[in-house]
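Notes follow once the structure below has been shown.
Read the figures in this text as sums done on the coordinates, not as results from a lab. It should be emphasised that the depicted structure is a prediction, and the values quoted were computed from it without experimental measurement. Quick reminder, even Gly has a Cβ in these numbers, built from the backbone with ideal geometry, and neighbours come from all protein chains shown.
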Amino acid sequence: MTMTMSAPPTAAEIAELNREYTFFDWAAQGAVNPVAVERAEGSYLYDHDGRRLLDLNAQLMNVNIGHQHPAVVEAIKVQADKLCYVNPRFASRPRGELGRELAEITPGSLCKSFFTLGGAEATDHAVKIARLATGRQKIVARRRSYHGSTYGALSLTGEARRWATEPGIPGIVRAADPYPYRCRFCSDGPDCDVTCAQRCADDIAEVIRLEGPNHVAAVILEPIAGANGVIVPPDGYLQRVREICDEYGVLLIADEVMTGFCRTGRWFAVEHWDVEPDIMTISKGLTSGTVPLGAVVVTDEIAHHFEDNPLWAGLTYGAHTLACAAALATIQAYRDEGIPERVVDMGEMLKDEYAAMAARHPSIGEARSLGLFSALELVRNRETREPLVPQIEPAFENYGVMKEMFGYILQRGVVTMTRWNWLMVNPPLTITPEELREGLAVVDEALELADQNTV
């Protein structure tokens, strides 16, 4: 009797299987055309037809040490042979050791962690912890921000993805954020950064005063706004926000979900400005995408509050044993491979490449980067700074020339992120100079499409 073997599914068949039976995020489902990935290694993805794609955005800025890092994969295998899961009311060795590691690498007196499944849940629990520790309810969030897609995190978010789920949770008030390229408080000039740093921070102070300092639990901010254009704050801004929080007795929550774990050349972005938050949220680079994990890390003072007061929080998969083991191996890889120092060097190379591209392409209004966290802001007119595409609905899907550019880059074998008039380049931190130049060469070609829409 002859046994026949069915042929393995093609990339198109896998994509259709996913489309028919699963939902994709942030999109009308009829418009989704996903890439069907079979495997990955280092800086590359491979689809089910064997096509190789250079991952120039580390997926969602989270695969920091590259795909399928062997040490992390091995750590997961070893832990799986011992203990895959135990409920979070039990102790485990990976959980305890990871908590100790995070206390060591996070700045200041941050010392104790509550583990979640990802960044959005970390945001929700950071707000819960701030409210419980202070007895206050209001949270100041910034207008250009993204903190996650759970109901609470999306309520804190300052951009268009929250609109469809409003009104959201109560107690959220908003303040300005620093965006020197488009600052409403100062005109562009030699002192713009100084003016922006002061006035945008002072807007937070005014909001706290008007909302009542005794009612405000915390200010939450991304040290560098990520999904909304990689906006690096001017020097002095974060320091001033810290002073304001201290002045009014308000906690400072740093959302380091994107910026943490060496993305900017430091373990955490706040270290560039010597600022110590009261609460820090982390995820993404914590496990480099291998197993879902996030955390809320708090100071000794906040931790002490919960010695005698209940922490009203719990997750079935909190402090997941496999995830904690993966995180420990990931942190060790950052150390063993000198990733922070490497990112500093690669970041300088990226800046040089951007400067050369800006000289060639009138569509580049501004190139922003710190380490390997970067975006190009594209405009129709450099003088007026009119965005290349208007920032209107649809809130997340590409359209117009940005959609054309995304399609061209993908067709040329590179994966990156474009959104509104921003083109992101946030590769694995292990990317080689040759691979980075390979990806940027394709971006350079795609910018010719943008140039055709300038005036």
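Could you tell me the calculated FRET efficiency between residue 73 and residue 137, based on Cβ-Cβ distance and R0 = 41 angstrom, to the nearest 0.05?
0.40
Which trypsin sites (Lys or Arg not before Pro) in the range 13-108 sit in a loop by DSSP (not H, G, I, E or B) and have at most 14 other Cβ atoms within 10 Å of their own Cβ?
Here the sparse-neighbourhood loop sites are 51, 89.
Pull out the extension gain between residue 403 and residue 103, defined as 0.36 nm times the separation in residues minus the alpha carbon to alpha carbon distance; nm, one decimal.
On the way: separation 300, 0.36 × 300 = 108.00 nm, distance 4.28 nm.
Using 0.36 nm per residue and subtracting the Cα-Cα distance, I get 103.7 nm.
Quick one: what are the phi-derived ³J(HN,Hα) couplings along the range 105-120, Karplus 6.51/-1.76/1.60 with θ = phi - 60°, whole Hz, x for glycine and proline?
8, 7, x, x, 9, 4, 8, 9, 10, 10, 8, 10, 9, x, x, 5
Name the residues whose placed amide hydrogens come within less than 5 Å of the amide hydrogen of residue 294, ignoring near sequence neighbours (fewer than 5 apart) on the same chain.
116, 117, 118
Which of the listed residues, 344, 198, 113, is farthest toward the dipole's positive end in the chain, when Lys, Arg count +1 and Asp, Glu count -1 at the beta-carbon?
Farthest towards the positive pole: 113.
Does the range 225-346 classify as rounded, prolate or oblate by the C-alpha gyration tensor (a ≥ b ≥ c root eigenvalues; a/c under 1.5 gives rounded; else a/b over b/c gives prolate, otherwise oblate)?
Oblate, since a/c reaches 1.5 and b/c is not below a/b.
How long is the gain from residue 81 to residue 311 if the chain were fully straight, where each residue apart is worth 0.36 nm and the alpha carbon distance is subtracted? Intermediate results must be reported in sequence, preceding the final value.
Details: separation 230, 0.36 × 230 = 82.80 nm, distance 3.20 nm.
Length gained between residue 81 and residue 311: 79.6 nm.
Loop only by DSSP, 14 or fewer other Cβ within 10 Å of the Cβ. Give me the chymotrypsin sites (Phe, Trp or Tyr not before Pro) in the range 214-316 that pass, ordered by residue number.
When the chymotrypsin sites (Phe, Trp or Tyr not before Pro) of the range 214-316 are filtered for loop state and at most 14 Cβ neighbours within 10 Å, 312 remain.
Which value, in debye to the nearest 20, describes the size of the charge dipole of the chain about its Cα centre when Lys and Arg Cβ atoms bear +1, Asp and Glu Cβ atoms bear -1, and nothing else is charged?
Taking the Cα centre of the chain as origin, the dipole is about 920 debye.
What number, rounded to the nearest 500 deg cm²/dmol, is the helix-based mean residue ellipticity at 222 nm of the chain, given -39500 (n - 2.57) per DSSP H run of at least four residues and division by all its residues?
-12000 deg cm²/dmol
Amide H of residue 159 versus every other amide H placed in the peptide plane: which residues, excluding those fewer than 5 positions away on the same chain, fall under 5 Å?
HN-HN under 5 Å from residue 159: 145.
Between residue 202 and residue 169, 0.36 nm times their residue separation minus their Cα-Cα distance comes to what?
That works out to 9.3 nm of additional length.
Suppose we keep just the DSSP beta bridges with both residues in the range 70-336; what percent of those would be antiparallel, to 5? Present the calculation step by step, with values, prior to reporting the outcome.
On the way: 11 of 25 bridges.
Antiparallel bridges make up about 45 percent of those DSSP assigns within the range 70-336.
Rounded to whole Hz and in sequence order, give me ³J(HN,Hα) for the range 209-222 from the Karplus expression 6.51 cos²θ - 1.76 cosθ + 1.60, θ = phi - 60°, writing x for Gly and Pro.
Using θ = phi - 60°, the values come out as 4, 6, 8, x, x, 6, 10, 9, 7, 7, 10, 10, 8, 7 Hz.
Check cross-link reach from residue 138 to the lysines: straight Cα distance under 28 Å, and skip same-chain residues fewer than eight apart.
112, 128, 284
With the dipole of the chain worked out from charges on the C-beta (+1 for Lys and Arg, -1 for Asp and Glu) around the Cα centre, which of 450, 373, 21 lies farthest toward the positive end?
With unit charges placed on the Cβ atoms, the residue in question is 21.
With +1 assigned to the C-beta of every Lys and Arg and -1 to the C-beta of every Asp and Glu, and no other charges, what is the dipole magnitude of the range 70-336 about the Cα centre in debye, to the nearest 20?
Rounded to the nearest 20 debye, it is 840 debye.
Calculate the FRET efficiency for residue 438 and residue 341 from the Cβ-Cβ distance with a Förster distance of 22 Å, rounded to the nearest 0.05.
The computed FRET efficiency comes out at 0.45.
Suppose R0 equals 30 Å; then what is the FRET efficiency for residue 348 and residue 448 from their Cβ-Cβ distance, rounded to the nearest 0.05?
So, using R0 = 30 Å, E works out to roughly 0.70.
Could you tell me the extents of the chain's C-alpha atoms along the three principal axes, largest first, rounded to whole Å?
72, 64, 42
Are there trypsin sites (Lys or Arg not before Pro) in the range 318-422 that DSSP marks as loop and that have at most 10 other Cβ atoms within 10 Å, and which are they?
none
Report the charge-dipole magnitude of the range 313-455 in Debye, nearest 20, computed about the Cα centre from +1 at each Lys and Arg Cβ and -1 at each Asp and Glu Cβ. Walk me through the numbers on the way to the answer.
Details: 12 positive and 21 negative charges, 67 e Å.
The dipole of the range 313-455 has a size of about 320 debye.
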